Amino acid sequence: PDASGHGNTGTWHGARALADALVPGVHGHALDLDGEGDFLYVAPAAALDLAGPFTILAWIRAVRTEGRARAYPIVDKYAFEDDEWTGYAGYLDGGQPYVGVYAGARTAEECGGPAGGTFDDGAWHLYAGVFDGAALTVSVDASTVTTCPWDAPAAPNGDFLEVGTRGGELFFTG
């Protein structure tokens with residue numbers, strides 16, 4: 001259930017039962033996502049169409065899987081339709097942290113990159129992707145990785161908010 005009281009309860013999708021995917025986390029339980037199709041999604045809601053400012057904050061434990069795409073979606077509300085990029089996302093690419101804001105009309109900023117190591121090492125890391133209305137900042141374990149100037153708000157879309165996948169094609173492992 002949605003503890004915020006806004007009614008944005010997630011729905012589990014996976015071959016395993018949700019109870020079998022729950023593991024001890026840094027605070028309480030965490031989802032153990034297998035990289036093969038496990039994810040959580042929240043139905044479209046206007047309250048989730050964040051224009052900015054916003055923060056994506058998550059404890060993650062990514063595991064590198066050889067032979068697979070290394071883009072690991074953490075939180076994704078990205079859509080591409082009718083030549084428009086809309087929404088926002090927090091993810092790892094090549095083990096490096098990124099945050100993206102998609103403002104429509106093929107206008108976007110994806111900020112992140114080398115952070116002095118990779119974060120798909122199986123250890124717990126605190127990921128933060130922040131859009132403050134003037135810049136995007138990515139931090140891992142309370143250390144800023146990079147900041148990129150960006151002031152265009154995320155464009156709304158009618159898509160699901162997804163945790164651990166982008167459109168059922170890329171999956172988080174960990």
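Full extension of the chain between Glu36 and Leu22 yields a length gain of 3.4 nm, computed as 0.36 nm times the residue separation minus the alpha carbon distance. Cα-based values for the range 7-48, radius of gyration first and Dmax second, are 11.7, 32 Å.
Taking all C-alpha pairs of the range 53-174, those more than 25 Å from each other amount to 18 percent.
The stretch between Ala15 and Asp82 holds 20.9 nm of extra length on full extension. This uses 0.36 nm per residue minus the Cα-Cα distance. The range 105-165 and the range 8-77 have Cα centres separated by 15 Å.
For the range 44-174, which whole percent of the accessible surface, found with a 1.4 angstrom probe, sits on carbon and sulfur atoms? That fraction is 54 percent. Using the Cα coordinates of the range 103-165, the gyration tensor eigenvalues translate into equivalent-ellipsoid semi-axes of 24, 16, 10 Å, sorted from longest to shortest.
The alpha-carbon atoms of the range 1-109 define a convex hull whose volume equals 142 cubic angstrom per residue. Couplings 3J(HN,Hα) for the range 97-110, derived from phi with the Karplus relation 6.51 cos²θ - 1.76 cosθ + 1.60 (θ = phi - 60°), are x, 9, 10, x, 10, 10, 9, x, 6, 6, 10, 7, 9, 10 Hz, where x marks Gly and Pro.
3J(HN,Hα) along the range 117-130, derived from phi through the Karplus expression 6.51 cos²θ - 1.76 cosθ + 1.60 where θ = phi - 60°, amounts to x, 9, 10, 10, 9, x, 9, 6, 9, 8, 9, 9, x, 10 Hz, with x in place of Gly and Pro. Toward the positive end of the charge dipole of the range 1-130, about the Cα centre and with charges on Cβ (Lys, Arg +1; Asp, Glu -1), which of Gly7, Ala46, Ala30 goes farthest? The residue sitting most towards the positive pole is Ala30. Under the convention that each Lys and Arg Cβ holds +1 and each Asp and Glu Cβ holds -1, the size of the dipole of the chain around its Cα centre is about 360 debye.
The values are calculated or read from the model by the stated rules, or taken from the named source; none is laboratory data. Not measured: the values here are computed from a predicted model. Every residue, glycine as well, gets a Cβ built from its backbone with ideal geometry; the counts of neighbours run over all protein chains shown. Side chains are part of the model used for accessible areas, which takes the heavy atoms of the whole protein and leaves out ligands, DNA and RNA. Shrake-Rupley method; radii C 1.70, N 1.55, O 1.52, S 1.80 Å.
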